[in-house]
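A short worksheet on the structure shown next.
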Amino acid sequence: MSGSIYGTHFKISTWGESHGKAVGVVIDGCPAGLSLCEEDIQKQLDRRKPGQSKFATHRAEEDTVEILSGIFEGKTTGTPISMLVHNKDQRSKDYGNIAYSYRPGHADYTFDEKYGIRDYRGGGRSSGRETIARVAAGAVASKILLELGIHVRAYTKAIGPVSIDNEDYDFSCIQDNPLNMPNRGKAQEAAEYVSECMAHYDSCGGIVECTAEHLPTGLGEPVFDKLDACLAKAIMSIGAVKGVEIGDGFEAAKSNGSKNNDPFRIHSDGSVFKTSNHAGGVLGGISDGSTLILRAAIKPTSSIFSTQQTITKDHEEIDIAIKGRHDPVIVPRAVVVVESMTAITLVDLLFANMYAKMESLKKLYER
Ligand SMILES: Cc1cc2nc3c(=O)[nH]c(=O)nc-3n(C[C@H](O)[C@H](O)[C@H](O)COP(=O)(O)O)c2cc1C
């Protein structure tokens with residue numbers, strides 16, 4: 001089992017290494033009749049592309065996507081959609097010194113322990129480049145969601161100690177700053193903080209927040225495929241993610257039931273709503289119709305340029321000075337990855353929910 005397949009009804013299978021010929025994805029389970037072209041995918045890939053600012057790795061990749069199958073005359077055909085991106089700017093010799101030693105905080109040691117063989121060039125399969133495949137699949141999932149009026153959006157909530165309060169969000173400026181933060185002043189403050197880390201050959205982490213608006217009630221399959229459980233798995237599977245919160249998350253542990261419970265009310269048209277959303281749109285593992293809110297905690301990039309202690313493959317203690325090109329902060333490039341994994345999970349659970357009730361099945365099949 002290689003663990004490279006995710007989803008049940010909308011199933012993705014990702015493949016490829018950082019310095020191999022290409023990385024890609026096969027999607028099985030996309031309905032026929034969705035308008036889809038390479039630009040739809042490219043737009044999303046361009047949001048995670050390297051080399052776009054001084055806060056991202058300088059690896060110069062265009063990351064141009066090719067769709068190999070599953071589309072005819074601009075529409076999906078219901079057959080597997082296969083997409084790939086060729087790797088072009090590999091500098092494998094930069095990784096020579098990690099062939100025989102392990103980067104602290106990276107996956108080198110555990111891959112060697114598990115498999116006894118490791119593609120050390122650029123981190124192989126444990127590289128951030130693997131997320132290209134997720135973003136390509138996420139672009140398809142987001143298109144399906146948009147057709148259903150569901151809008152998924154992610155952004156940087158915090159970089160290191162610089163965090164934006166909810167009431168200070170200005171979503172109009174997310175794309176104007178390289179850190180993808182919804183507040184110009186905080187983006188500037190965060191940029192200064194990252195620059196300071198870089199000057200000390202160090203890195204930093206932060207928090208990505210993601211919301212999904214206009215979700216219907218009913219998504220999530222108790223008990224093991226609850227909406228929050230599936231999201232936690234999807235987001236935790238992204239390299240460098242160390243924590244996932246839904247709604248108030250860890251803050252809820254400090255609250256009281258009287259504050260944390262979201263009261264139910266009825267609109268004049270008879271529809272149900274909650275007057276608060278501490279639960280982040282999920283009750284009992286099932287979407288409750290309010291906005292889904294999740295946050296991912298992203299650790300500081302492990303590949304830093306200051307000298308660190310480590311061991312060789314032969315278990316000899318050494319000092320290592322890492323070369324290669326690395327993101328000083330992963331957070332801004334992970335924004336679209338978190339958004340993509342959320343979209344893929346929601347589509348999978350939307351499909352699963354279609355046969356939760358006999359009346360839904362009858363609507364589909366009754367003659
Ligand atoms: C978009 C993205 C870019 C990344 N870029 C780097 C990088 O330049 N250097 C690095 O050491 N790790 C990078 N990572 C993180 C590693 O992939 C990750 O730390 C590694 O696989 C070990 O997994 P773990 O941190 O989950 O334990 C990146 C991750 C993502 C999602």
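Quick note: the coordinates plus some simple rules give every number you see, no bench work behind them. In this text the structure is predicted, and so the values were computed from the model without any measurement. Ideal geometry is used to build each Cβ from the backbone, glycine not excepted, and the neighbour counts take in all protein chains shown.
If packing is taken as the average count of other Cβ atoms within 10 Å, what order do 48-55, 132-139 fall into, highest mean first?
132-139, 48-55
Sequence gap at least 6, Cα distance under 8 Å: using those rules, report the relative contact order of the chain to the nearest whole percent.
21 percent
Please check: in the Gaussian network model of the chain (C-alpha springs, under 10 Å), which one of 148, 215, 179 has the largest mean-square fluctuation.
Of the options given, 148 has the highest mean-square fluctuation.
Take the alpha carbon atoms of the range 163-202, find their center, do the same for the range 343-360, and report the distance between the two centers in whole angstrom.
37 Å
Order these peptides, 259-266, 285-292, 93-100, 63-70, by their mean beta-carbon neighbour count within 10 angstrom, highest first.
285-292, 63-70, 93-100, 259-266
Using label points projected 7 Å from each Cα along Cα→Cβ, tell me how many nm separate residue 314 and residue 114, to one decimal.
2.7 nm
What is the fewest-to-most order of 58, 326 by other Cβ atoms lying within 10 Å of their Cβ?
Lowest count first: 58, 326.
How long are the three semi-axes of the equivalent ellipsoid for the range 1-71, computed from the Cα gyration tensor as the root of 5 times each eigenvalue, in whole Å, largest first?
Working through the eigenvalues yields semi-axes of 25, 17, 11 Å.
Can you flag which of 88/299; 43/233; 114/242; 143/233 are past 24 Å Cα-Cα?
Violating the 24 Å Cα-Cα cut-off are 88/299; 43/233.
Could you tell me how far the Cα centroid of the range 233-261 sits from the Cα centroid of the range 75-131, in Å?
Centre-to-centre distance over Cα atoms comes out at 30 Å.
Could you list the GluC sites (Glu not before Pro) in the range 321-367 that lie in coil according to DSSP, counting only those with at most 11 other Cβ atoms within 10 Å of their Cβ?
Filter output for the range 321-367: 366.
Counting residues in the range 125-263 as N, plug N into 2.2 N^0.38 Å and put the Cα Rg over that result.
1.20
Please rank 254, 11, fewest neighbouring Cβ atoms within 10 Å first, as an exposure proxy.
254, 11
Which value results when the Cα radius of gyration for the chain is divided by 2.2 N^0.38 Å?
Relative to the rule-of-thumb radius for its length, the chain sits at 1.04.
In a GNM of the chain with a 10 Å cut-off on Cα contacts, which of 308, 90, 44 has the highest mean-square fluctuation?
308
Please identify every one of the chymotrypsin sites (Phe, Trp or Tyr not before Pro) in the range 199-261 that sits in a loop by DSSP and has no more than 11 other beta carbons within 10 Å of its own beta carbon.
Passing both the DSSP loop test and the Cβ count: 224.
Sorting 163, 303, 172 on the 10 Å Cβ count, fewest up front, what's the list?
The fewest-first ordering by Cβ neighbours comes to 172, 163, 303.
Taking residue 357 as the anchor, which lysines have their alpha carbon closer than 18 Å to its alpha carbon, excluding any fewer than eight residues away along the same chain?
Correct list for residue 357: 226.
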